[in-house]
Structure formats: structure tokens, C-alpha cells
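K.L.:
The following block contains the structure, expressed as C-alpha cells.
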Amino acid sequence: MTNLTDLTIAEARDGLAAKRFTARELTAAHVAAVEAVRPLNAFITETPELALAQAESSDARLLRGEARPLEGLPLAIKDLFCTKEVLTTAASHILDGFKPPYESTVTQNLWDAGAVMLGKLNLDEFAMGSSTTTSFYGPTESPWRRDGDNRALVPGGSSGGSAAAVAARAALGATGTDTGGSIRQPASFVGIVGLKPTYGRCSRWGTIAFASSLDQAGPMTRSVRDAAIMLKAMAGHDPKDSTSAPQAVPDFEAALSGDIRGLKIGIPKEYRVDGMKREIEALWQRGIDWIKDAGAEPVEISLPMTKYALATYYIIAPAEASSNLARYDGVRFGLRVPGKTLDEMYELTRAEGFGAEVQRRILIGTYVLSAGYYDAYYLKAQRVRTLIARDFAEAYKQVECILTPTTPSTAFAIGEKSDDPIAMYLNDVFTVPVNLAGLPGISVPAGLGEDGLPLGLQVIGRAFDEATILRVAGVIERAAGFTARPQFLAGRS
Amino acid sequence: MSLIEGRTGEWEVVIGLEVHAQIISNAKLFSGAATAFGAEPNTQVSPVDAGFPGMLPVINRRCVEQAVKTGLGLAARINLHSVFDRKNYFYADLPQGYQISQYLTPVVGKGSIILDMPDGSAREIGITRLHLEQDAGKSLHDQQATSTYVDLNRSGVGLMEIVSEPDMRTAEEAGAYLRKLRSILRYLGTCDGNMEEGSMRCDVNVSVRKPGAPLGTRCEIKNVNSVRFVMLAIDYEARRQVEVLEDGGEIRQETRLFDSGRGTTRPMRSKENAHDYRYFPDPDLLPLILDPAWVEGIKRTLPELPDAKKSRFVRDYGLSVEDAGVLVAEQESADYFEAVARGRDAKLAANWVMGDLFGALNRLGRRIEDSPVSAAGLGEMIDLIADGTLSGRLAKDVFAGMVETGASPAAIVEERGLRQVTDTGEIETAIDAVLAANGDKVAEYRSGKDKLFGFFVGQVMKATQGKANPATLNEILRNKLAG
């Protein structure tokens, strides 16, 4: 039998349908893989019993010919999604022991589609970070190593547990969330596909909020087709989320025609940032060549506000976070450190419950919303955000999607940037504008850097046009022929 | 305008009111949880109201409709585009760590309320705005010595904050404003106006100034929970401010609490740190966009409001402005009156409703909805007066019987034999008997002592047990005495 953990979602789905193996066998192989990747610290909570029980019922459905789109496919869930009666932490000490009495809409959609849950994945605390080193549960390691260098690397973040688990073949796919690049950057770092859908495509209900106007759930998979399959199941209008879009969800998999002839694809000149590594530049050029070979037309475009995106993001996201995280006060759930007064309890609980990065962002956010600073920071940032969105709207008069690098570099070592928040924030320079404009973006593995680590290309689309970027990503995926594997693979090392 | 006399001359009091009116709706403003008053603590709470992770607010259409209806009832501008903001502060009964409110762009803009003052004058008080916001939970500090309990039943309940312009100048005006606002809200069915249960709460802004001077620094008096207390608080606070200023002091802008036991106000917290609420648009909610046709639809469902009803009562029923004002203050009284007055002598109906009926209800401590005398019953009784079955005097007895037993007037007339005697023969016989028994008085009357007429009437009434038709009695008696 083929190695079941090496399959893509599409292959596993077809294998189950053809009865080449059972859901229980597929799940058991992945449960073992989850155990095998423990050294990576990708999971905060493993749920093998639940997974096997779900697999049994999937087998029964398969037998009855009632298979749903993700029937029996083992996935893992970023621990930012609330899962009913299963510990949900946001990788924060402050949510100690929190077992939600409800299931997030996105995960519920997955279970309703027949998927199996392997466990809850590590992340940067409250999804704040680009390295998965700010977790209360310790950093997640990338399954990759640099050529000739055995130092542990970050898997990117904040969906680093998701990235590591999928790359190391411990799950067929995983959910991520992306506020400023938290799906695409880790996908790029570990050589998998990561899709951030249009804001409003996936419900935010039951997903722990970081920055409400930017957060968006999406799939992280080992192929573009898998991303299409998984997104279809995750997405959909949800009346419980006022910002969820009442848009029909197309059959994304059917959109993967491989035909991009005549498509105009924008190449934004402002993304050639100062000091950009030559290998990134070269990778980007290869991408341009691939789409040209496939019959698409690269068009140079201008997104002049790009240089303000990072600063804008680091005002808006912390502002919203400072308010969203006010509810973690020790009163109703999670950690409580007793104090002599209510104020003292707040102070002690939040000082102990939140890590340094979360505290930093709460402070920044509180500051930019304060009387006397609001206009200069928050309000101005909102105006710039509008201009950034207008940049894209202008560009989309000329082109149908946009091609850029996903990250300015390959993965870095754990601890390498942790004392320099600005350098860390720079990781998001290519991904953040997409969140600010609410657009869909996908990172697809395109090659290896000089250090032997994966690099991704990003395709940005029009709002609610995930179909086009999936199609373009599919073409890049085939052209790139990315077959490199991480050094650490479940059941292989 | 009435002024306060101080040592240094006259002072003008400037008053503005912020009323928090709980919206009548089955569910909360942003969650599906129920809103009934008096439920067991923490039984009407959804994870949204408890601020659980990942929970999101969804606006309750019914609450928006109620706010728009109220705005229309206050002749106010309806803002078709409004925004929900977060007001951030920490407190144990504020689960999210912020209150969802409307800061810069409320759903309702400027409007006005007309006050009818007791001296017959009318005052127009400006409404600055009405916005939607969620209520907080309740901290219970008295359950246990060392801890505070939190009840989240109220958390997330929809409120309308209705802010007036600083247009009021006396405690009486403030009282009239609150009563009129409450009346309008009840007519509209958007708030029950119950200040004791806290479904209508009031913060009072008071400042004083020399007439013609710019506005003085104001103090805000929090949560004063009856109209009477509002008036007491204003009187006390105005005098306090005048005293401070006349002693050469300064008014600090502060929040004060009304002490209903002492009738005084005092600063709320000694270390009242200046709150910075860090308002910003709630990213979980889209701007509230109203369809003009929807607003028009609500407008068409508006009931007749007190002012319009009052004018109609004056016009159609010939009532005095004062009487009409009393009858329309509560919709139930107005409806009751109209049911009685329809097709009858309206002034007589008004007199019975405002006189005997209100008197009886007051005595019994009952509301007009629970009146022992139905409008139909009172109407029948007035019919009996009109057709001569009852005299005014007999009617009082019948009414008393109706209050007591709830029986129909016809039944009481039958049972107690209270039918008016209009048979001239019977009355004549009674008169003859009285005149015969009082020959000396008859002589006195005939020699010019006209005042004795009343004595004869009284004697005849006594003889007929009050049932003689007064008009007939008068006529025959006069003739006989003249004879």
C-alpha cells in the first residue's frame, strides 16, 4: 500500500471512494504521524480517539454510498478555532482550561463535510507573530533544515503549527487564519500551498479574534487542488457573522482548468523593495516566465501606496486587538490570578496570562486609539487603508490578478529575529496589503532558495475571485514542479 | 423663566437629560437571548452576551425598528447611515471589555418634544440624538462579604439613549419632559418607561449661570430612578452650585450620585480617573444602512401620539386643553375615554372618567387597564342618565356599586331599585305630603324667604329616597308653592 500520509486530499478522497483503504486506516496512519512529529511541537492538543471515532462513522457512510466531500479525510485545526468541548487555547496561558461550549462555523462546516479532526495546532499567541515562537506552549519547529546547517528553523507564523504538520505529512491539510500573512508566509516557509480567501468568504464566528477587520480563515494544503477542495467546504455565508458575505460558493476544484491563456496578470513594481534578495527577484522572474509560457500576459502595474501598508497594518491590527483582547479579564473563563481588588486581579491576570508580543500589541493598540492620538494614528491609518484598496481597484481595471513573491526571504532560525520586532514585522511586507484590501491571496511553492529552503509565489485576486487565483496557482504549481521534501517527515526519520 | 435667588443676585439653571430607555423586544440587541425582567441570575445569557472568545454580534432588526419608530415619534431626523462603535472600559459586569454603542453617527438625529406646563404654556425641548447601545450586566456587591457577584441577564439588552439639548430651566420642566417622553415611548410601544424596574434610567446634567452669561460647568448626576428624584436632585444640585460659586469656588466637571435618602448629591468616586473610552467603529458590525422605504413603512404604523390626540380631543369632543391633556397622558386613559365618549355627551364622559373613575382607581391603587368599571359599563351608565333613568345623584350611587361589585349599571339599578321617579303623580303626592307637614315653612316661603326652596327639595328627595327626577320635582314644587 502507498504511504497513506503522503497522499494529497484529492488522492485520499479518490482512494477512499475506490475502497483502496478505509477511513480508519487513513486516520490511524495520521494518528501515528501526529505522534511521530511530536518533536516539532506542532500540536497543542491531539484528539486521536475523536479522530478514530469520526473515521468509523465515515467508513459507515462510505459503505452506504453517502460520502460527503471530505468524508474520512484527517485534517488538523489551528488552535484559534473554537472546537466544542475540546481545549481551545489561542496558544495563550490566559485561556487555560478553556473548552468552548460551541463549535466554530468553519470547523463545523468541515465536520459537516465529513472531515476527521486530528487535533489542535500550535500558533503564535493569539495569532500575533510570524514565527510561531510566541506560543505559551513553546515554539513549533519547521520540518525543514538549511543545507549544511542543523539549527532549528521557524515554520513561519502565525499558522506555524498548521504549516509544520502539513509539510511533515502529519495531516492531509490544516486550517489556518491570516490577518497579515499568517497563512501565506508559513506556507511559503515550508513549501506548501496556503490560501487566504476574500474577507467575508469564511465565517469568523467561533474563531478567536485577533483583528476583526483583517482576520480570515483559509486552507493550508500540499496542493492547489487540495486548497480548492478544502476552501469549498470551509466557505459560505454565515448569518452569525455580520461581515460574512452572502456570496455563492463556486466549485473551486472545477475552476482548475489549467488554462490561463489571455489572462492579464499584474506585476506591481513597488514590490521590488529595497535590498530585496536576488534569489527572490529571480524566483519572481521565473514565475513571470511560467505564466507567460502558459499564455497569460504579464502587465507591469503600480500599487503606489504599498510602502505605507506595513505601518498602516501595525496601527489597525493592534488597535482592534487591544479591544478584542479586553474580554480576557479573569472573570468568566481561563486564567485568573486573584488580587485584592478588581483592578489588581485584572492586572495580575493579564500580566501573567499574556506573553510579551501580545502585551506589546495591546499597548500599541491602546495608544493609537487614545484621545489625542486617534486622529493622527488610527484615523489616518483607516484613510491609508482606503487608498491601498483603491490601488488594487485601479490595478484590477487593467489586470485580473497579481503575481508577487510571498515573503522577502526564506525561513529564519528560531530566536533569530525575536529581539527585533521590526525585522519580524517586515516578513509581512508582501502579504499585508492583501489583508488591508480584503482580497484573496494564495501562496504556492515555487522553488528553493540558496539555503535549500522553500520559497513561495503569491497570486492576489479580485474580491471573491478565488477561482482565478487557484487556476493561476495551479499553472505555477505544475510549471515549478516543486517536489522537494522537508528533512523531517512523519514515519520517515 | 424661573430663576434661583442667590446672595449675589439671580441665577439661571440649565438642565439637559440623558435617558436610557430599554427597548421592548423579545431578544437582546446583538444576541438571541431573552430579555425578560426578574429572571434567575445568569439564565438569559448567550455566549455572545458573556463575551466568550470568537463570539460575534448580529444586530437585532426589531431593536432598530423600535429606535427608528421612537425617532419618528420624536419628530427627529432618521439617519439612513449610522455606525456602531466600541466604547472600551474594564468592569466586571462588562464581559466584552467594551460596550457597543453609537458615538459619532447615531441612528436618530435632532428632534423635539413639546411640554405642556401647568400654567398652560408650551415649551419645546430639543432632542440632540437617539442612539442604540447595549446594556451592561449587574454587579451584586451585597451577596457576600468579600466578593462581588455578576448577573449577566441584562448584558446585551438593547437600550436607546435619548439625549436632550440643555433646554430645560427648572426641575418642573425636567419632570414634565420625562413624563412626556415616557408617555410617547409608551404610546409607541418601544419602552415600558418603568423607572422602578430600571427600564427607563436617567442621567441629569445641571449647570448654573447668571442670566445671559455663557453656559457654566456642568455636573452629571447618575441613575436617578424616579421623576420625583430627578426634580429633587436638580433643585439640590442647582442650589449647591450657586452656593459654591457665590462662595468664590469653582464647579468641577464631575459625575455625582443622588442620595435619595438625604435628597442630596455627592461626587461618585473620589479618584474618578478621567476615562478614555477609545471609541472606534466596531469591526464586527457593518454600518447600519436603512432603506428609506422601510423607514416610510414604519412611519405608516405610527400610532396617534399624545399631542395629536390632544388636539383631536379638543376639536372633536369639545374638551378643554387641560382636560384633553390629562386624558391623553396615558394611552390607556385616552382609549378608555374614547370608548365611553363615542356617541355620547363627551364632556359628561370626560367628567366621569377624570372625576369618579380616576378617584376610584387612585383609592384602589389600580391602573385603568385593571379598572373594575369597564368603559362599556360606564358608557351604559351615562346612557341611563341621558334617558332619564338615573339622575346625577343616583348615578353616583350606581357608580359606587359598579366599583364595588363590577356589576352592570342596569343590574344595579334593578337590584337596588335606584330608578329615577319621573312619574309626576308620584312626585306630586310626595310634594303634597311635604308641604302639608310643613305649613309654617310654606308660609315663610310665600312671604319671601326664597331660600327655603332647597329645604323643600331636600325633604321631597328624602321622601322619595333620592329617586325623584330633579327637574320634574323643581317644576312641580315651584308651581305648588306659587299656587
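The values are calculated or read from the model by the stated rules, or taken from the named source; none is laboratory data. Everything numeric here is computed off the predicted structure, so don't read it as measured data. Cβ atoms come from the backbone with ideal geometry, glycine included; neighbour counts cover every protein chain shown.
K.L.:
Among the residues of region A:238-260, write down those that are within 14 Å of another protein chain (Cβ to nearest Cβ) and touching a residue at least 24 places away in the same chain (Cβ under 8 Å).
P.N.:
Here is the first cut: in region A:238-260, the residues within 14 Å of another protein chain (Cβ to nearest Cβ) are A:238-246.
Once the filter is applied, which keeps residues that are within 14 Å of another protein chain (Cβ to nearest Cβ) and touching a residue at least 24 places away in the same chain (Cβ under 8 Å), region A:238-260 yields A:Asp238, A:Lys240, A:Asp241, A:Thr243, A:Ser244, A:Ala245.
K.L.:
Which residue, of A:Thr407, A:Thr386, A:Thr366, is surrounded by 23 or more Cβ atoms within 10 Å (Cβ to Cβ), hydroxyl-bearing (Ser, Thr, Tyr) and outside any strand (DSSP E or B)?
P.N.:
On the way: A:Thr386 fails: surrounded by 23 or more Cβ atoms within 10 Å (Cβ to Cβ); A:Thr366 fails: surrounded by 23 or more Cβ atoms within 10 Å (Cβ to Cβ).
It is A:Thr407.
K.L.:
Filtering region B:295-317 down to residues that are surrounded by 18 or more Cβ atoms within 10 Å (Cβ to Cβ) and more than 23 Å from B:Leu80 (Cβ to Cβ), which residue is nearest to the chain's Cα centre (by Cα)?
P.N.:
B:Pro306
K.L.:
Please determine, by comparing only the residues of region A:251-287 that are basic (Lys, Arg) and in a loop (DSSP other than H, G, I, E, B), which one is surrounded by the fewest Cβ atoms within 10 Å (Cβ to Cβ).
P.N.:
Within region A:251-287, the subset basic (Lys, Arg) is A:261, A:264, A:269, A:272, A:277-278, A:286.
Among the residues that remain, those that are also in a loop (DSSP other than H, G, I, E, B) are: A:261, A:272, A:277.
On the way: A:Arg261: 9, A:Arg272: 13, A:Lys277: 15.
Ranking the qualifying residues of region A:251-287, first place goes to A:Arg261.
K.L.:
When you look at B:Leu348, is it more than 18 Å from B:Ala329 (Cα to Cα), at pLDDT below 90 and more than 21 Å from the chain's Cα centre (by Cα), yes or no? It would help to see each step written out before you state the result.
P.N.:
Values: more than 18 Å from B:Ala329 (Cα to Cα): yes; at pLDDT below 90: no; more than 21 Å from the chain's Cα centre (by Cα): yes.
Considered against the rule, which asks whether it is more than 18 Å from B:Ala329 (Cα to Cα), at pLDDT below 90 and more than 21 Å from the chain's Cα centre (by Cα), B:Leu348 comes out as no.
K.L.:
Looking at A:Glu125, is it among the acidic types (Asp, Glu) and away from every other protein chain (no Cβ under 14 Å)? I'd like the intermediate steps shown before the answer.
P.N.:
Numbers: among the acidic types (Asp, Glu): yes; away from every other protein chain (no Cβ under 14 Å): no.
No: the conditions fail for A:Glu125.
K.L.:
Given the conditions (1) free of Cβ contacts under 8 Å to residues at least 24 places away in the same chain; (2) closer than 17 Å to B:Leu288 by Cβ, and given that B:Leu72 satisfies all but one, which numbered condition is not satisfied?
P.N.:
Of the numbered conditions (1) free of Cβ contacts under 8 Å to residues at least 24 places away in the same chain; (2) closer than 17 Å to B:Leu288 by Cβ, the odd one out for B:Leu72 is (1).
K.L.:
Among the residues of region A:403-421, how many are farther than 16 Å from A:Ile280 by Cα and under 21 Å from the mean Cα position of the chain (by Cα)?
P.N.:
Within region A:403-421, the subset farther than 16 Å from A:Ile280 by Cα is A:413-421.
Those left that are additionally under 21 Å from the mean Cα position of the chain (by Cα): A:413-414, A:417-418, A:421.
Within region A:403-421, residues that are farther than 16 Å from A:Ile280 by Cα and under 21 Å from the mean Cα position of the chain (by Cα) number 5.
K.L.:
Go through (1) more than 26 Å from the chain's Cα centre (by Cα); (2) surrounded by fewer than 16 Cβ atoms within 10 Å (Cβ to Cβ) and name the single condition A:Ala294 misses.
P.N.:
Going through the list (1) more than 26 Å from the chain's Cα centre (by Cα); (2) surrounded by fewer than 16 Cβ atoms within 10 Å (Cβ to Cβ), A:Ala294 breaks only (2).
K.L.:
Within region B:417-429, track down each residue that is touching a residue at least 12 places away in the same chain (Cβ under 8 Å) and in a helix (DSSP H, G or I).
P.N.:
B:Thr424, B:Glu426, B:Ile427, B:Glu428
K.L.:
Kindly state which helices (runs of 4 or more DSSP H) lie completely within region A:415-493 and contain at least 1 residues that are β-branched (Val, Ile, Thr) and surrounded by fewer than 21 Cβ atoms within 10 Å (Cβ to Cβ). Even if it seems obvious, please write down each step before you answer.
P.N.:
Details: elements: A:421-425, A:432-437, A:466-480.
The qualifying helices (runs of 4 or more DSSP H) are A:421-425, A:466-480.
K.L.:
Pull up region B:97-131, narrow it to residues that are within 14 Å of another protein chain (Cβ to nearest Cβ) and in contact with a helix residue (DSSP H, G or I) (Cβ under 8 Å, 6 or more places away or on another chain), then point me to the one that is nearest to B:Val68 (Cα to Cα).
P.N.:
So the residue we want is B:Tyr98.
K.L.:
Do we have any residue at all in region B:21-43 that's touching a Leu at 6+ places or on another chain (Cβ under 6 Å) and either aromatic (Phe, Trp, Tyr) or within 14 Å of chain A (Cβ to nearest Cβ) (or both)?
P.N.:
Checked region B:21-43: at least one residue is touching a Leu at 6+ places or on another chain (Cβ under 6 Å) and either aromatic (Phe, Trp, Tyr) or within 14 Å of chain A (Cβ to nearest Cβ) (or both).
K.L.:
Next question, about the same structure. Hey, does region B:183-193 have a residue that's in contact with a strand residue (DSSP E or B) (Cβ under 9 Å, 6 or more places away or on another chain) and assigned to a helix (DSSP H, G or I)? Before the answer, list the steps.
P.N.:
Of all residues in region B:183-193, those in contact with a strand residue (DSSP E or B) (Cβ under 9 Å, 6 or more places away or on another chain) come to B:184-185, B:190-193.
Next, from what is left, pick out any that are assigned to a helix (DSSP H, G or I): B:184-185.
Yes - at least one qualifying residue is present in region B:183-193.
K.L.:
Further, regarding this structure: Looking for something assigned to a helix (DSSP H, G or I), in contact with a strand residue (DSSP E or B) (Cβ under 7 Å, 6 or more places away or on another chain) and either modelled with pLDDT of 95 or more or away from chain B (no Cβ under 12 Å) (or both) - is there at least one such residue anywhere in region A:314-321?
P.N.:
Within region A:314-321 (the criterion being assigned to a helix (DSSP H, G or I), in contact with a strand residue (DSSP E or B) (Cβ under 7 Å, 6 or more places away or on another chain) and either modelled with pLDDT of 95 or more or away from chain B (no Cβ under 12 Å) (or both)), the answer is yes, since at least one residue qualifies.
K.L.:
So how many residues does region B:283-294 have that are under 14 Å from B:Leu132 (Cα atoms) and either within 8 Å of chain A (Cβ to nearest Cβ) or out of contact with any Ser or Thr (no Cβ under 9 Å at 6 or more places or on another chain) (or both)?
P.N.:
Adding up the residues that qualify gives 1.
K.L.:
Of the conditions (1) touching a Ser or Thr at 6+ places or on another chain (Cβ under 8 Å); (2) hydrophobic (A, V, I, L, M, F, W, C); (3) under 17 Å from A:Ser242 (Cβ atoms), B:Phe37 fails just one. Which one is it?
P.N.:
Exception for B:Phe37: condition (3).
K.L.:
Can you pull out the strands (runs of 3 or more DSSP E) entirely within region B:197-259 that have at least 1 residues that are within 26 Å of B:Lys180 (Cα to Cα) and in contact with a Gly (Cβ under 9 Å, 6 or more places away or on another chain)? It would help to see each step written out before you state the result.
P.N.:
Working: elements: B:200-209, B:219-224, B:255-259.
Those strands (runs of 3 or more DSSP E) span B:200-209, B:219-224.
K.L.:
For region B:3-108, list the strands (runs of 3 or more DSSP E) that sit wholly inside it and hold at least 2 residues that are in contact with a strand residue (DSSP E or B) (Cβ under 6 Å, 6 or more places away or on another chain) and assigned by TED's automatic domain parsing to the domain that holds B:Gln134; which are they?
P.N.:
Details: elements: B:4-6, B:9-22, B:85-88, B:98-101.
Counting at least 2 such residues, we get B:9-22, B:85-88, B:98-101.
K.L.:
Need a quick list: helices (runs of 4 or more DSSP H) entirely within region B:358-416 having at least 1 residues that are surrounded by 12 or more Cβ atoms within 10 Å (Cβ to Cβ) and among the basic types (Lys, Arg). Give the derivation first.
P.N.:
Numbers: elements: B:358-364, B:375-386, B:392-405, B:409-416.
Because the criterion is at least 1 residues that are surrounded by 12 or more Cβ atoms within 10 Å (Cβ to Cβ) and among the basic types (Lys, Arg), the helices (runs of 4 or more DSSP H) in region B:358-416 that meet it are B:392-405, B:409-416.
K.L.:
Does A:Ser158 qualify as being out of contact with any Pro (no Cβ under 7 Å at 6 or more places or on another chain) and assigned to a loop (DSSP other than H, G, I, E, B)?
P.N.:
On the way: out of contact with any Pro (no Cβ under 7 Å at 6 or more places or on another chain): yes; assigned to a loop (DSSP other than H, G, I, E, B): yes.
Yes, satisfied.
K.L.:
From the list B:Leu80, B:Leu94, which one is at pLDDT 95 or above, away from chain A (no Cβ under 12 Å) and over 12 Å from B:Arg129 (Cβ atoms)?
P.N.:
Values: B:Leu94 fails: away from chain A (no Cβ under 12 Å).
Residue meeting the stated conditions: B:Leu80.
K.L.:
I need the full set of residues from region A:14-44 which are within 23 Å of the chain's Cα centre (by Cα) and surrounded by fewer than 17 Cβ atoms within 10 Å (Cβ to Cβ), in order please.
P.N.:
Selection gives A:Glu35, A:Arg38, A:Pro39.
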